[in-house]
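The values are calculated or read from the model by the stated rules, or taken from the named source; none is laboratory data. What you are looking at is a predicted structure, and each value in this text was computed from that prediction instead of being measured. Glycine gets a Cβ as well: all are built from the backbone with ideal geometry, and neighbour counts include every protein chain shown. In case anyone asks, the SASA skips ligands and DNA or RNA and just uses the protein heavy atoms, side chains included. Shrake-Rupley method; radii C 1.70, N 1.55, O 1.52, S 1.80 Å.
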Amino acid sequence: MLYTDGYIFYVASVVARSDPAWAAQWGRRIRYLLRDVASPVTDESFVAFRSHDWWLGHSSAGGTFNGEKNQESTSEAASAYNGCHLWGIATADAHVRDLCFALTASEIASSRRYWQLLRNDSTIGPPFSDQTVVGILWTHKASYTTWFSQAAEHIHLIQFLPICGASEELLPERWVQEQWPALVNGMASNADWI
């Protein structure tokens, strides 16, 4: 799944960079997982860019739900593609490095366009521009929620986590500053979680 693969690719990249013998031993398996996320071709095992839609510029979490694709955490998608990019660097695979850099950049650009809204942004409009974030973007609609919670701090922070190598580019300073009031107010009203 796209939203968990980033952790695997990141760890594999760190290990491969410091232990080329490990990369040689496990690289075939890592590349197999990588092709599930970022295969540039359709063949008997994989569909090209199974999760990523180049036309829309972003990924879907996987499959369809009630006939629609959806994406909740853009940071998880960016983390997965960034992890693939790091694998390409660690293993000196220029094709993987460059392809996954493009996937990461595409995901970041669409995150800024469709999920990270500035106050009074007209891209999607109220009520989302008032909240400055879309929780889940569907094929034909947007929702201010997550799959696991309707708490404001969860809806906002799902776009931050996990923090990864692409986070500095993914999370523009002005947008992060606009998130702060919703996070503070949400956490203060749910202080029992501490």
Distance (nanometres) between label positions extended 7 Å along Cα→Cβ at THR145 and HIS95: 4.3 nm
Neighbourhood charge, 13 Å Cβ-Cβ cut-off, centred on GLU169 and excluding it, Lys, Arg +1 and Asp, Glu -1: -2
- request: Over the chain, average the accessible area per residue using a 1.4 Å probe and give it in Å², no decimals.
  value: 54 Å²
task: Could you pull out every Cys in the chain that lacks a partner Cys with its beta carbon under 4.7 Å away?
output: CYS164
field: Principal axes of the stretch 1-160: Cα extent on each, largest first, Å
entry: 53, 32, 26
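Quick one: putting +1 on the C-beta of Lys and Arg, -1 on the C-beta of Asp and Glu, what dipole do you get for the chain around its Cα centre, in Debye to the nearest 20? Intermediate values should be presented prior to the final figure.
Working: 13 positive and 20 negative charges, 59 e Å.
Charge dipole, the chain, about its Cα centre: 280 debye, nearest 20.
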- request: Treating the angle as unsigned and between 0 and 90°, give the value, to the nearest 10°, between the Cα long axis of helix 2-18 and the longest Cα principal axis of the chain.
  value: 50 degrees
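For the stretch 97-189, go through all pairs of different Cα atoms, get the mean of 1/r, take its inverse, and jot down that Kirkwood value in Å. Walk me through the numbers on the way to the answer.
Numbers: mean 1/r = 0.0726 Å⁻¹.
Its Kirkwood hydrodynamic radius stands at 13.8 Å.
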- line: Here the stretch 50-134 gives, from Cα atoms, an Rg and Dmax in Å of 14.6, 46
message: Ignoring solvent entirely, what values of log10 I(q)/I(0) come out of the Debye formula for the stretch 88-141 at 0.18, 0.26, 0.27 Å⁻¹ when each Cα is a single scatterer?
response: -0.64, -0.93, -0.97
- prompt: Between exposed trypsin sites (Lys or Arg not before Pro) in the chain, where DSSP calls loop and at most 11 other Cβ atoms lie within 10 Å, what's the longest gap?
  reply: 1-118
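First compute the accessible area of the stretch 1-88 with a 1.4 Å probe, then give the percent of it belonging to carbon and sulfur atoms.
On the way: 2730 of 4670 Å².
Answer for the stretch 1-88: carbon and sulfur cover 59 percent of the accessible area.
Quick one: length gained pulling PHE160 to THR42 fully straight, 0.36 nm per residue minus the C-alpha distance? Provide the component values of the computation, followed by the final result.
Working: separation 118, 0.36 × 118 = 42.48 nm, distance 3.16 nm.
Gain on extension, PHE160 to THR42, equals 39.3 nm.
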- request: Take the chain, connect every pair of alpha-carbon atoms lying under 10 Å apart with a spring to form a Gaussian network, then pick out the residue of ASP43, ASP53, ASP98 with the largest mean-square fluctuation.
  value: ASP43
